[in-house]
1. Could you list, in sequence order, all residues of the range 177-197 that are part of a loop (DSSP other than H, G, I, E, B) and either under 14 Å from C242 (Cβ atoms) or polar (S, T, N, Q) (or both)?
2. Kindly evaluate L76 against the criterion of being more than 20 Å from R171 (Cα to Cα) and not acidic (D, E).
3. L226 passes all but one of (1) assigned to a helix (DSSP H, G or I); (2) more than 20 Å from L273 (Cβ to Cβ); which number fails?
4. Tally the residues that are among the hydrophobic types (A, V, I, L, M, F, W, C) and either assigned by TED's automatic domain parsing to the domain that holds G98 or in a loop (DSSP other than H, G, I, E, B) (or both), restricting the search to the range 209-218.
5. Going by what's in this entry, would R248 be described as at pLDDT 95 or above and crowded, with 17+ Cβ neighbours inside 10 Å?
6. For the range 1-46, name all the residues that are among the acidic types (D, E) and either touching a Leu at 6+ places or on another chain (Cβ under 6 Å) or under 15 Å from L170 (Cα atoms) (or both).
7. Could you figure out which of (1) without any contact (Cβ under 8 Å) to a residue 40 or more places away in the chain; (2) at negative phi; (3) crowded, with 16+ Cβ neighbours inside 10 Å isn't true of A44?
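The values are calculated or read from the model by the stated rules, or taken from the named source; none is laboratory data. Just so we're clear, the structure is a prediction, and the values are computed from it rather than from any experiment. Here the Cβ is made from the backbone with ideal geometry for all residues, glycine too, and neighbour counts use every protein chain on show.
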Amino acid sequence: MLFAAATDHRYLDGGHTLDFVNKALEALDTAGWERAETVLASLAPQLAFAERMEESNTWRNPVDLVALLEDAFARLPEPRPSGEWSGRQELVGVVLGGEAAEILDALLAALDDGAGAVELASAITFAAATRIARFPTSNEYADWDTALHTFTFANAVEQGLRRSPSRELLRGVLDAAMSVHLDRFLNVPAVRLPTPQEGADLEELPRLLDAQQQVDEAGRLVASYLGAGGDPQRLIAALGACLLREDRNFHTIQCVEAAVRQHELTGEGLPLLAAARYLAAHAPTARAQRQTYEIARRLHRGERVYEDEPEAA
């Protein structure tokens with residue numbers, strides 16, 4: 001019901017609404033479903049007041065994407081489980097380079113060819129991650145979040161379909177594909193995916209993030225590390241450590257979490273490369289949060305914050 005409400009209108013609130021629904025359900029899986037009344041009630045304002053892309057000029061002109069989507073929705077089948085579909089790579093190429101009507105036709109054709117709902121969603125999420133992996137730094141700085149929202153929305157749709165597949169939620173896959181399509185100008189020109197080089201050292205990653213705009217360098221380091229057979233879990237730990245030392249915001253956490261989730265599901269290194277580039281674009285920060293947490297910790301222990309912290313024994 002919640003996923004249906006979040007997909008009754010197009011790409012609600014830039015993807016945040018459905019992402020919040022997915023995160024609320026994942027939080028209850030961890031914290032316990034006895035908390036459902038409080039947690040799920042918090043979603044009501046987001047569902048009620050979110051901006052609808054039916055009202056957005058970008059989704060209406062010069063091509064009426066909403067009309068194309070409504071026509072495609074009428075032809076959606078009931079979602080089926082993953083099977084023997086082998087058209088993932090071809091579909092990703094169409095989504096990244098095709099026109100809107102062509103993309104929607106390709107999605108419906110993939111479903112007719114046996115693609116499962118999750119397989120289809122996974123392909124769109126990968127295409128969205130590619131936009132970040134190939135994002136040129138010549139773009140407006142705020143455009144990083146435009147590409148990010150598409151990626152995290154696509155990831156949330158995919159996780160929702162894994163949890164509770166429905167024809168209503170399958171609409172979100174098509175919405176995500178249209179958002180990837182609208183983001184195509186953020187890959188003009190698209191940055192080439194880096195060629196792995198020898199001698200990659202993960203210890204270099206935090207040093208890269210001590211300077212501004214080391215985006216391509218961070219991506220090259222990740223590609224080189226993984227290309228040399230490096231342990232992805234060590235890379236994930238390194239990305240997490242770099243995230244924690246920054247004054248991170250909601251978007252940065254979203255990016256790293258979704259990238260790690262996608263790597264866990266597919267084994268692909270590209271989402272981790274995309275996360276490293278996004279993290280590098282948003283570093284270094286003032287790094288003041290650590291001091292705030294340290295003050296809170298000392299207050300919790302009953303210490304006097306205006307005195308020097310006692311040395312460890």
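1. Within the range 177-197, T195, Q197 qualify.
2. The answer is no for L76.
3. (2)
4. 2
5. no
6. The answer is D8, D19.
7. Result: A44 fails condition (3) only.
Every residue, every condition in (1) more than 19 Å from D145 (Cβ to Cβ); (2) in contact (Cβ under 8 Å) with a residue 12 or more places away in the chain; (3) assigned to a helix (DSSP H, G or I); (4) assigned by TED's automatic domain parsing to the domain that holds L69, yes or no:
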position	(1), (2), (3), (4)
G199	yes, yes, no, no
L235	yes, yes, yes, no
R248	no, yes, no, no
C255	no, yes, yes, no
